[in-house]
Amino acid sequence: MRKNYIALAALLAALAVACGKKAEKVLETGNAAAGDKGYTYAVTVEKMQFHWRLDGGLLRVKLKAPVQGWLAAGFDPERGMLGSNMMVGYLEGGRAVVTDQHGTDPKLHRKDIDLGGTDDLRETWGRQDAAGTEIGFTLPLETGDKLDKPLRPEAVVLMLAYGTTNEMAKQHVFWGKARLNLRTGAYETTMIRREE
């Protein structure tokens, strides 16, 4: 029996090398909790929460973190932030500023509209109090934007990040990554970085 496990582990490692990707260590697995009112599920990665609800061809999202700064969620990156469809939001003068962005490099992202793409976010909102920041948005699963990959609800790679100011030029102090099934709530947390 032990030989079978060793052989399977060796095969999986060889496949990961052959595909040019390093296997990520799974830190936590589970089923998402019930989301806040209006959301089906919620996953917490360290101190940051991702609440969601599928609504036909739309994904409704609420991000929460105990910071007075920007919050971000990204979907299906290739490496780092490269190729990801990202939503970044913060509050400015009590008004939510939420933008649709694209990972142009493993460590960089820019607004879709600055790259010839489209801003596909709907129903954006936000609030901030002493407990932290909340940002919300609705996103089509298939945007039609050349910069965005269609979201496959059964297998989404999610990135979460936040900063402690509203200055987007300031790098995140937290970054986490998970794999989600948006339909069932099953998840695996695969990476967490803190810069605090």
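The values are calculated or read from the model by the stated rules, or taken from the named source; none is laboratory data. Fair warning: this is a prediction, and the values are worked out from it, not measured in the lab. For neighbour counting, all protein chains shown are included, and Cβ atoms are generated from backbone atoms with ideal geometry for every residue, glycine included.
Observations on the structure shown:
- Criterion: out of contact with any strand residue (DSSP E or B) (no Cβ under 6 Å at 6 or more places or on another chain), farther than 18 Å from MET81 by Cα and charged (D, E, K, R) - qualifying residue of ASP145, ASP129: ASP129
- From the list ASN181, ASN166, the lone residue that is modelled with pLDDT of 85 or more and surrounded by fewer than 20 Cβ atoms within 10 Å (Cβ to Cβ) is ASN181.
- Of the strands (runs of 3 or more DSSP E) lying entirely inside the stretch 23-84, those containing at least 1 residues that are within 18 Å of ASP120 (Cβ to Cβ) and of a type in the set (Val, Ile, Thr) are 58-65.
- Any hit, the stretch 34-50, residues being at negative phi, surrounded by fewer than 21 Cβ atoms within 10 Å (Cβ to Cβ), in contact (Cβ under 8 Å) with a residue 60 or more places away in the chain and not small (Gly, Ala, Ser): yes
- Near pairs, Cβ below 7 angstrom, 6+ apart or cross-chain, from the stretch 141-152 (over 9 Å from ASP120 (Cβ atoms)) to any residue that is among the charged types (D, E, K, R): LEU147/ASP112; LYS149/ASP76; PRO150/GLU142
- Looking only at the stretch 81-106, residues that are buried (at least 20 other Cβ atoms within 10 Å of the Cβ) and not hydrophobic (A, V, I, L, M, F, W, C) come to 9 in all.
- Candidates GLU123, GLU78 - the one that is under 27 Å from LEU147 (Cβ atoms), at pLDDT 90 or above and surrounded by fewer than 17 Cβ atoms within 10 Å (Cβ to Cβ): GLU123
- Residue within the stretch 98-110 that is modelled with pLDDT of 85 or more, more than 14 Å from the chain's Cα centre (by Cα), of a type outside the set (Asp, Glu) and outside any strand (DSSP E or B) present: no
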